[in-house]
Amino acid sequence: MDEPILAVWEGEPMEADLLITLGGVQVFLPYIPNYQLNADNEEYFVISEIIDVVDFVQDGRGEFMWLEYNFSNMNPWSPGRAYWVALNLENDEEIEFRYPEEQDDELVWFERGDRWGIPIVSRHFISILVRDIAGPDGFEPDEGDQIGAFTEDV
């Protein structure tokens, strides 16, 4: 495109409680509600209805949930976004999912560190969960310490 264009979409809004059929082992799940829902690891509220079949979730910013390790650094899910979800279903198995109603609880937001504030956009999923750190004798990581991983092969 060499010049700006005007794009118009028409249609009926989808209801927040729309029943969504999910199948396969990997899906992109559109976020339909016009309100935000928590995605922290206290209860994984946004996916609580299907939590038993979800293994991993990631968004386009690299935030992710890894349920096996009770981990999430995802901010509340937001209208108009989609999320990559790994399900532990058989290839031909399907489940039905409906987003929860708007919650009364306060939204849980994760603060970003100032050192790694520039998002890296890649065609690869590169989320890493560090569960243990070993270093020289006497090394003790402190709260707020950060780990960086870099590659030129992206």
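Some observations on this one:
- Taken one residue at a time, the phi angles of the range 129-142 give Karplus couplings (6.51, -1.76, 1.60, θ = phi - 60°) of 10, 8, 9, 8, 10, 10, x, x, 3, x, 6, 9, x, 9 Hz. Gly and Pro are set to x.
- For the range 19-58: rounded, prolate or oblate by the Cα gyration tensor [a/c cutoff 1.5]: oblate
- Amide H partners (placed H, <5 Å) of Phe71, local residues excluded: Trp66
- Using Cβ point charges alone (K and R +1, D and E -1), the dipole size of the chain about the Cα centre works out to roughly 540 debye.
- Cut-off under 5 Å, modelled amide H: who pairs with Asp55 long-range: Ala86, Leu87, Asn88
- Listed residue (Gln103, Ile51, Gln146) projecting farthest to the positive dipole end of the chain, Cβ model: Gln146
- Of [x] 0.97; [y] 1.02; [z] 1.07, the label for Rg/Rh (Cα atoms, Kirkwood Rh) derived from the coordinates: [y]
- Each peptide among 76-86, 30-40, 4-14 gets the average number of other Cβ atoms lying within 10 Å of its residues, and from highest to lowest they stand as 30-40, 76-86, 4-14.
No lab work stands behind these numbers, since they all come straight from the coordinates. Just so you know, these numbers come straight off a predicted model, no measurement behind them. Here Cβ is always computed from backbone atoms with ideal geometry, including for glycine, and neighbour counts include all displayed protein chains.
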